[in-house]
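Trainee: Below is one structure. I have some questions about it.
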Amino acid sequence: MIRKKIKFQNVFLLIGALLILPLIAIATISRTNLKDDFEDETDYVTEEVITDSLPVVNTTTRIIDPYTDKSVTVGKSYYDYKGEETAQINSIIKQEDTYIQNKGIDFVSENKFEVIAILDGTVQEINEDSEQGKSIEIKHENGLISVYQSLSEINVKKGDIVNQGQVLGLSGTTELYQELGNHLHFEIYENSVAVNPENYLNKEVSLKRGN
């Protein structure tokens, strides 16, 4: 009786194994196919792709001339203490019996010309007097300040945010620079010190946002 019982149990286990093995094989095949399908349909993001997608922030910009009229030329240059004597003499402005060292550049033309902003910025001051005419002072994001004097007309007001190339006004004539005729007197300041505009115009400069 015991042998028959053991034999019966073995037969039962064998039948169970025969039934389970096909199920395991089917499940294994299904998992393999699913994995293959998943890998075929999935796009993996590589390190290179992520790197290429990073935004590029431009930290420099090119300063432009304060005019676009091609007839404009330089009438008086910036007085450079380290410059040659001849250049220094040509950079002195005479007012009656007084000689003034030019702190900027005077751009001249026979006809009035449009004066434009050299960089994006904010209008800090608008002034007018009999000797220097109308003037505009603009503070830029990189800490520079540009000054446009001897204007006959002004198109902006204090507090305005201006874009590079925006028309600020028109050139004019003044008592102080009477010998130049129609012109724009242009200055650039860095850290409150007048600098030679020739070293900045048409040059790349770094932007220091927040200053």
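Trainee: In a loop (DSSP other than H, G, I, E, B), surrounded by 16 or more Cβ atoms within 10 Å (Cβ to Cβ), over 26 Å from the mean Cα position of the chain (by Cα) and among the polar types (S, T, N, Q) - does that describe any residue in the range 187-197?
Mentor: No, the range 187-197 has no match at all.
Trainee: A follow-up question, please. Could you go through the range 136-154 and let me know if any residue there is part of a strand (DSSP E or B) and on the phi > 0 side of the Ramachandran plot.
Mentor: yes
Trainee: I would also like to ask the following. Assuming I161 fulfils every condition listed in (1) touching an Asp or Glu at 6+ places or on another chain (Cβ under 7 Å); (2) surrounded by fewer than 19 Cβ atoms within 10 Å (Cβ to Cβ); (3) of a type in the set (V, I, T) apart from one, which condition is it?
Mentor: For I161, the failing item is (1).
Trainee: Going through the range 176-209 one residue at a time, which ones are without any contact (Cβ under 8 Å) to a residue 60 or more places away in the chain and either among the charged types (D, E, K, R) or at positive phi (or both)?
Mentor: Selection gives E190, N191, S192.
Trainee: Kindly indicate the residue of the range 110-139 that is closer than 22 Å to T98 by Cβ and among the charged types (D, E, K, R) and also modelled with the highest pLDDT among those meeting that condition.
Mentor: Checked the range 110-139; the qualifying residue modelled with the highest pLDDT is E128.
Trainee: Scan the range 142-150 and tell me whether some residue there is within 30 Å of I89 (Cβ to Cβ) and surrounded by fewer than 17 Cβ atoms within 10 Å (Cβ to Cβ).
Mentor: No; the residues of the range 142-150 include none that is within 30 Å of I89 (Cβ to Cβ) and surrounded by fewer than 17 Cβ atoms within 10 Å (Cβ to Cβ).
Trainee: Listed residues Q101, Q88, Q95, Q164; which is more than 15 Å from L184 (Cβ to Cβ), modelled with pLDDT of 95 or more and not β-branched (V, I, T)?
Mentor: It is Q164.
Trainee: Can you spot a residue in the range 146-168 that is acidic (D, E) and within 16 Å of D69 (Cβ to Cβ)?
Mentor: Within the range 146-168 (the criterion being acidic (D, E) and within 16 Å of D69 (Cβ to Cβ)), the answer is yes, since at least one residue qualifies.
Trainee: Now for a different question. Can you go through G83, G169 and tell me which one is surrounded by 13 or more Cβ atoms within 10 Å (Cβ to Cβ) and out of contact with any Leu (no Cβ under 9 Å at 6 or more places or on another chain)?
Mentor: Being surrounded by 13 or more Cβ atoms within 10 Å (Cβ to Cβ) and out of contact with any Leu (no Cβ under 9 Å at 6 or more places or on another chain) holds for just one of G83, G169, which is G83.
Trainee: Just to check your reading of the model, which residue among G169, G165 is in the same structural domain as K82 (by TED's automatic domain parsing), in contact (Cβ under 8 Å) with a residue 60 or more places away in the chain and touching a strand residue (DSSP E or B) at 6+ places or on another chain (Cβ under 6 Å)?
Mentor: Matching residue, one of G169, G165: G165.
Trainee: Contact list please: Cβ distance under 6 Å, first residue in the range 58-69 and charged (D, E, K, R), second residue in a strand (DSSP E or B), pairs at least six apart or on different chains.
Mentor: Hits for this filter: R62/E204.
The values are calculated or read from the model by the stated rules, or taken from the named source; none is laboratory data. Remember, it's a predicted structure, so these values are computed and weren't measured experimentally. Every residue, glycine as well, gets a Cβ built from its backbone with ideal geometry; the counts of neighbours run over all protein chains shown.
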